[in-house]
Amino acid sequence: MAPPGKKLPQYTAAVIASMSVMAAGCCIAWPSPALKILGSADAPFKLQDGEGSWIVSLKNLGNILAPLPTGWLMGRIGRRATLLGSAVPFIASWGLLLLFKTAPLLYLARVLGGLGVGIAFTVAPIYLGEIADTEVRGALGTLLQAMLYCGILLEYCVGPYVSYYSLALVSGAVPAIFAVLFFFMPESPHWLLQRGRREDARRSLRWLRGTDEQSVAAELGEMTRAMELQAGDTKGGASMKDVICSRGPRKALIIVVTLQVLKEMSGNSAVVAYAATTLHGTGSPYSDEYVIAIGVVMFLATMACTQLVDRAGRRPLLLASCGLSALSLSTAGLYFFLKWVDPKMDAPTWLPVGGLLAYGVAYPLGLAPIPAALLGELFPAHLKGLAACSAAISLSIASLVVTKLYHVVGTAVGMHVVYWTFAASCVGGAAFVATFVPETKRKTFQQIQDELNGLPREKGAYEADEPLKIMA
């Protein structure tokens, strides 16, 4: 058995790559403090009715536009260069927010920010899935969500205490720092092998693993054999037909896309974007502090998932996350129902605060990070670009619908309907996970592919591979 490699280089590359997702978190959460600032008496400029919901939701238009060209680019120029390019629309977006004070240009800034979000969410899960060995792949995959909540928490902590323009400057610093640091990180060895650049792949793997040349050569050989066993010519262009007409990739696509839609239908994007205005509407004098507390528990829960995902497994965490999210959202919905029945009722504010705090624990514990981790685990290398595009577009469309209709439906029929719909989506998510989602904990890419394709694992089927695995 090859000796286990050093983990620090993998974690270093993963953390720096995940800063692109931290920048996405800033973009997603910015409306929460910004809309409250723009609604105050001393706002730098005023928004008309309905403009706030467009500012929140138009970020998703960029998300929808980004994945298709991003999937093509990361196949042509590599995961590293494409992910590095996400910094450009992020920085341009914050620049527009600093320079202009009209809603149409804010719309453009949000679309540009959405482009950055779409690029980061498309490429980062693939990059992290391909640089990690089997022992830490789950943990590195969930690291994305931890960094996302770092960005959200940054907006929640800084936003209430600085000006509109200072908030934009702080937010724009995140993608700038990411671009500088990630420039020095290696390319994915899987992509380099796929392009026939074996020597470059060896150097990349040597840097990432920190092991001796013999161990690197052994793992490189395992990667090569796995690619040879996967269907299709990885140097050629893959098509959606390759995904739909093959049992394993088709099943993987259904799993990932459904999970992405269900996790958005749980309401996270709307809860994050409207957290400050939602809790401010309860009349609590501590609404800003409660919002910060929600950001803190989201981050801590994601870090807990990072530690648990390779111990407890993906399925148990997903099931627990869906069930607890449904319960917490139902609790928050109860408050809005009581206020809808009798607006003069002095309903306890601990219901929405407690419900959203509990949701801040439950959602990041599994439902948020694991679908992205599965994206990097379930697909053959040559189909990951298409899969990432499909998942990102599906997530973005669902997020656009949820964030735009959150305020509209809440105003029309009551906010309790919105929150109870979110809870029902979590219940549906639990049923889907229990029925269709496989466990991938500590399995090689080839074992996962065999399971998706319905190929039974006979005794000793992987014995030839065992010496090549870097496993504890």
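Summary of computed values
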{"read-out": "Matching entry among A176, A201, A217 (being part of a helix (DSSP H, G or I), within 27 Å of the chain's Cα centre (by Cα) and surrounded by fewer than 18 Cβ atoms within 10 Å (Cβ to Cβ))", "value": "A176"}
{"read-out": "Selection status of E451, in a loop (DSSP other than H, G, I, E, B), assigned by the TED database to the domain that holds G313 and among the acidic types (D, E)", "value": "no"}
{"read-out": "Some residue of region 346-367 being crowded, with 21+ Cβ neighbours inside 10 Å, part of a helix (DSSP H, G or I) and of a type in the set (F, W, Y)", "value": "yes"}
{"read-out": "Count of residues meeting criterion [under 11 Å from A372 (Cα atoms) and more than 9 Å from the chain's Cα centre (by Cα)] in region 125-149", "value": "7"}
{"read-out": "Boolean, A434 is at pLDDT 90 or above and hydrophobic (A, V, I, L, M, F, W, C)", "value": "yes"}
{"read-out": "Only one of V413, V402 that is β-branched (V, I, T) and crowded, with 22+ Cβ neighbours inside 10 Å", "value": "V402"}
{"read-out": "Matching residues, region 26-56, being touching a residue at least 60 places away in the same chain (Cβ under 8 Å) and assigned to a loop (DSSP other than H, G, I, E, B)", "value": "W30, G39, A43, P44"}
{"read-out": "Qualifying residue in region 326-333 (condition: out of contact with any Pro (no Cβ under 9 Å at 6 or more places or on another chain), open to solvent by 60 Å² or more (accessible area, probe 1.4 Å) and at pLDDT 90 or above)", "value": "yes"}
{"read-out": "Test: residue in region 373-386 that is open to solvent by less than 30 Å² (accessible area, probe 1.4 Å) and part of a loop (DSSP other than H, G, I, E, B)", "value": "yes"}
{"read-out": "Count of residues meeting criterion [closer than 14 Å to I254 by Cα and out of contact with any Asp or Glu (no Cβ under 9 Å at 6 or more places or on another chain)] in region 388-409", "value": "6"}
{"read-out": "Every pair of residues 6+ apart whose Cβ atoms lie under 7 Å, when the first sits in region 387-403 and is not assigned by the TED database to the domain that holds W420 while the second is surrounded by fewer than 21 Cβ atoms within 10 Å (Cβ to Cβ) and assigned to a helix (DSSP H, G or I)", "value": "none"}
{"read-out": "Every pair of residues 6+ apart whose Cβ atoms lie under 7 Å, when the first sits in region 337-349 and is under 18 Å from V417 (Cα atoms) and in contact (Cβ under 8 Å) with a residue 40 or more places away in the chain while the second is open to solvent by less than 60 Å² (accessible area, probe 1.4 Å) and not in a loop (DSSP other than H, G, I, E, B)", "value": "F337/H416; W340/H416"}
{"read-out": "Residues satisfying the stated conditions in region 284-313, i.e. part of a helix (DSSP H, G or I), open to solvent by less than 10 Å² (accessible area, probe 1.4 Å) and farther than 18 Å from L148 by Cβ", "value": "S287"}
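Here is a yes/no grid of residues against (1) at pLDDT below 90; (2) buried (at least 20 other Cβ atoms within 10 Å of the Cβ):
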| residue | (1), (2) |
| --- | --- |
| K7 | yes, no |
| C27 | no, yes |
| S40 | yes, no |
| F45 | yes, no |
| S57 | yes, yes |
| A66 | yes, yes |
| T82 | no, yes |
| V88 | no, no |
| L108 | no, no |
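The values are calculated or read from the model by the stated rules, or taken from the named source; none is laboratory data. What you are looking at is a predicted structure, and each value in this text was computed from that prediction instead of being measured. For neighbour counting, all protein chains shown are included, and Cβ atoms are generated from backbone atoms with ideal geometry for every residue, glycine included. Ligands, DNA and RNA are stripped out before the accessible areas are found, and what is left, the full protein with its side chains, is counted by its heavy atoms. Shrake-Rupley method; radii C 1.70, N 1.55, O 1.52, S 1.80 Å.
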